[in-house]
Structure formats: C-alpha cells, structure tokens
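First comes the structure, then the notes that go with it.
Only the coordinates and a few stated rules stand behind these numbers; no lab work does. Since this is a predicted model, take the numbers as computed values, not measurements. Heads up, the Cβs are rebuilt from the backbone with ideal geometry, glycines too, and the neighbour counts pull from every protein chain shown.
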Amino acid sequence: MSDKAELLLKPKRFYKAAAAAPFLGENGEGGYAIQLDGRTPKSPARKPLILPTKALGELVAAEWEAQVEFIDNSLMPATRLAFTAIDRISETRAEVAGEITAYAASDHLCYRAEHPTALVERQAREWGAILDWAQAEHGLTFTPVAGIIHAPQPQATLAGVEALALTLDDFSLAGVAFAAGLYGSTVLALAVRAGRLTGQRALDVSRLEEIFQAEQWGKDAEAVARAEALAAEATMIDRWFAALR
C-alpha cells in the first residue's frame, strides 16, 4: 500500500485543541476527560475517554495534540492502552490476570545463558537483583535455570502473581499486561510499575543477551530499528505507571 493510500485510511484531524479536563460522573465517579474542542472522544466500544488521574489524562491528551493533519493511531500508544483499559479490562479481569501469570510462568529472567562466562555473570547479577526484589517486595520466589528448556515455577509464586494482578485497578492491570508482553517478563513489568526500574532500563535488562552480542560483534541495523521501536513503548509505559502513582 502506498503512503498516499495509507493516509486516506486515517481520519483527518478535526479539532483545534486537545486537553484533559476534570470530570464528575452521575454517580460521583471522578476522573479527567479528554476533550477535543470541548468534546470527549469515544472508545471503539463507544465509551468516553476518561482517565483516572490528571497526569494520565495529560499524557493521553498530549498524543491527540501531537497529531498534525491526520490522526495516526500507531503514534498514540497511551491512547490505545487507555482504550484497552476502558473497553476490555473491567469485563475480563480474570483473563488478563491469567495472561500476566502465564508470562510469570515462563518469565524471561529465569532462562539464563550457559556461556560465555561474561554473559552468564551479567545475567546472574542484573537479573538476579530483580528477582531478589520480587521476592522481598511481593514474596514471589522464582527458580532460574540454565538454557531454554521450560522449567515450572512454584505454584505458590504463580498463585501470588495472579492474586496480585487481581488487586490492581483496571488501568494498572492493563499496564502490567502490556509491559509483561513488552519485556517477556512479569517481574520486569511489576518493577517498572513500582518505579524500581525505568521503562528503558527494564527494556535494556530484558535485552541483556542482545546487547552483549552487539558489544562483541557490532550492531545490526535491523536490530537497532527494532530496539528503537521498543524503546518508544518502554518510555510510554514508564510514563503510564508514573501517572498512576
């Protein structure tokens, strides 16, 4: 598809200004509504785009304000995640908690390289520190293994992850599910949510082997482009969790 054809599929920017404004619902529920020239856009399920905090409202409003001639959803990750939280999470909380638990069951931080020694030691040091944090902060004990063959994690740990996920509000739950997929690690997702790691630092930790290989053999252009795309998502989820604290 040509660039011109792609543009024709995107709606034109129809508003002059985007902002987040205080909202009070009929039942007393508060929040911050995104307003486009005073009107609140709707989610795909036709629900108003209302965020729970001022900071999160401003993060989403900034994405709408940044659009130029056309509205490009691919450049609006916080808005897409907000729509997910609004449309999906409240009705599928158990399913989403199950997805987060599944990432924990095969958490990326538990599968260590067998060689070379320098990489093994780096993973043990950096990944081990985050697993230690998960144990101290949440009582979650993970069992790391060498190699890529699946090894089951303690049932008590997986039950703890699921129970923790179910205590989260819809927007935090959506964020943890997104981050767990981004990093391949529920532990890293929880660490970013807590402010233990920045989103970018968590991405670097998840990419230790790739970064190590680049240090040894040089950078690959395709890998660099992919890392840059992931970095944009990591920055967004970092700001997402900060806006919810």
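Key figures
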read-out	value
Rounded Å value of the spacing that divides the Cα centres of region 26-98 and region 198-241	26
Simple Cβ-charge dipole of region 90-244, Lys/Arg +1 and Asp/Glu -1, about Cα centre, in debye nearest 20	260
Value at 222 nm in deg cm²/dmol, rounded to 500, when DSSP H runs of n ≥ 4 in the chain each add -39,500 (n - 2.57)	-18500 deg cm²/dmol
Hits among aspartates and glutamates - C-alpha to C-alpha of LYS16 under 17 Å, sequence gap 8 or more where chains match	ASP37, GLU58, GLU63, GLU65, GLU69, ASP72
Using alpha carbons only: equivalent-ellipsoid semi-axes of the chain, gyration tensor based, whole Å	35, 24, 14
Full-stretch length increase - ALA194, ASP132 - with 0.36 nm per residue and alpha-carbon distance subtracted	20.9 nm
Residue exposure sequence - MET236, MET76 - by fewest surrounding Cβ within 10 Å	MET76, MET236
For TYR111, residues with placed amide H under 5 Å, excluding near neighbours	VAL145
Convex hull (Cα only) mean projected area of region 3-73, reported in nm² to one decimal	5.2
Residue with peak Gaussian network fluctuation, the chain [Cα springs, cutoff 10 Å], from ALA113, ALA225, ALA177	ALA225
Two-site label geometry, ASN73 and LYS47: point separation in nm, points 7 Å out along Cα→Cβ	1.6
Label point distance in nm, THR92-THR141, each placed 7 Å from Cα along Cα→Cβ	3.4
Environment charge of GLY128, counting only residues whose C-beta is closer than 11 Å and scoring Lys/Arg +1, Asp/Glu -1	0
Nonlocal amide H pairs with TYR32, under 5 Å, H built at 1.01 Å	PHE23, LEU51, THR53
Approximate spin-label separation LEU9-LYS219, in nm, with each point projected 7 Å along Cα-to-Cβ	3.0
Interchain or long-range residues, amide H under 5 Å from PHE70's placed H	ARG13
Between 0 and 90°, nearest 10: helix 54-66 axis offset from the chain longest Cα axis	70
Using a Förster distance of 41 Å, the FRET efficiency for LEU24-ALA102 (Cβ separation, nearest 0.05)	0.60
Karplus (6.51, -1.76, 1.60) ³J(HN,Hα), θ = phi - 60°, over region 45-53, in Hz, Gly and Pro reported as x	8, 6, 9, x, 7, 10, 10, x, 10
Exposure proxy ranking, count of Cβ atoms within 10 Å, fewest first, for ASP170, ASP107	ASP170, ASP107
Residue order, fewest to most beta carbons within 10 Å, for THR141, THR167	THR167, THR141
Magnitude of the charge dipole, region 3-73, Cβ model with Lys/Arg +1 and Asp/Glu -1, debye to 20	240
Summed side-chain charge close to GLU99 - residues other than GLU99 whose Cβ falls under 14 Å, Lys, Arg +1, Asp, Glu -1	-1
Around ASP238: net Lys/Arg minus Asp/Glu count, Cβ-Cβ under 14 Å	+3
